[in-house]
Amino acid sequence: MTRKAERLETSIKLLKAEHKANLDATENAGKKRLIEANDKANLLAENLRSTQDELKEVKERKQHEIVKYATNRTCFNADLVRVLNSGTEAGGDSSGMSKAIPSVDATDEAVTTDTDVALWINNAKEQYEVCRARYHALIDFNPSKPIVPIQHD
């Protein structure tokens, strides 16, 4: 082999070694970032579960108080309940409005009592707070600054 060929072979070996070192560093940095992201996601998920549990407890306490203090009198008549339930199955979970409430001042038609309305509001407030907590968890997970190119140590 000529001297020039030997130098080229040596350069190629050095380039291959440098390339492998760069690939290894990139792989290690990626693994480290993945572990950090998973740790952060787990922490945020645990915080979110805790928040949801707290919100559920507050909702249940309020429901108990609502049932205790509400009069169970007609709040919305049958026509208004029909309007509110339009597009959903009456009495389904999505609407929260009842089909027929046996109460002192209700007829056989579907009406909504003040108890129903208060429970619906309480449920809607809890769902809003859960949604808000999830939204904030997503914001917390995503970096607030632009991602800069990876630099290896």
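The values are calculated or read from the model by the stated rules, or taken from the named source; none is laboratory data. Remember, predicted model here, so these are calculated numbers, not experimental data. Cβ: placed from backbone, ideal geometry, glycine included. Neighbour counts: every protein chain shown. Side chains are part of the model used for accessible areas, which takes the heavy atoms of the whole protein and leaves out ligands, DNA and RNA. Shrake-Rupley method; radii C 1.70, N 1.55, O 1.52, S 1.80 Å.
Of the conditions (1) surrounded by 14 or more Cβ atoms within 10 Å (Cβ to Cβ); (2) at pLDDT 90 or above, residue 84 satisfies every one except a single condition; which number is it?
Unmet condition: (2).
Based on this model, can you work out whether residue 57 counts as over 30 Å from residue 111 (Cα atoms) and open to solvent by 80 Å² or more (accessible area, probe 1.4 Å)?
The answer is no for residue 57.
Per-residue answers, yes or no, for (1) within 30 Å of residue 41 (Cβ to Cβ); (2) modelled with pLDDT of 85 or more:
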{"position": "68", "(1), (2)": "no, yes"}
{"position": "111", "(1), (2)": "no, yes"}
{"position": "126", "(1), (2)": "yes, yes"}
{"position": "129", "(1), (2)": "yes, yes"}
{"position": "134", "(1), (2)": "yes, yes"}
{"position": "137", "(1), (2)": "yes, yes"}
{"position": "144", "(1), (2)": "yes, no"}
{"position": "148", "(1), (2)": "yes, no"}
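Does the range 39-52 hold any residues that are open to solvent by 80 Å² or more (accessible area, probe 1.4 Å) and under 30 Å from residue 152 (Cβ atoms), and which are they?
If the condition is that a residue be open to solvent by 80 Å² or more (accessible area, probe 1.4 Å) and under 30 Å from residue 152 (Cβ atoms), then 39, 40, 42, 43 are the ones that fit.
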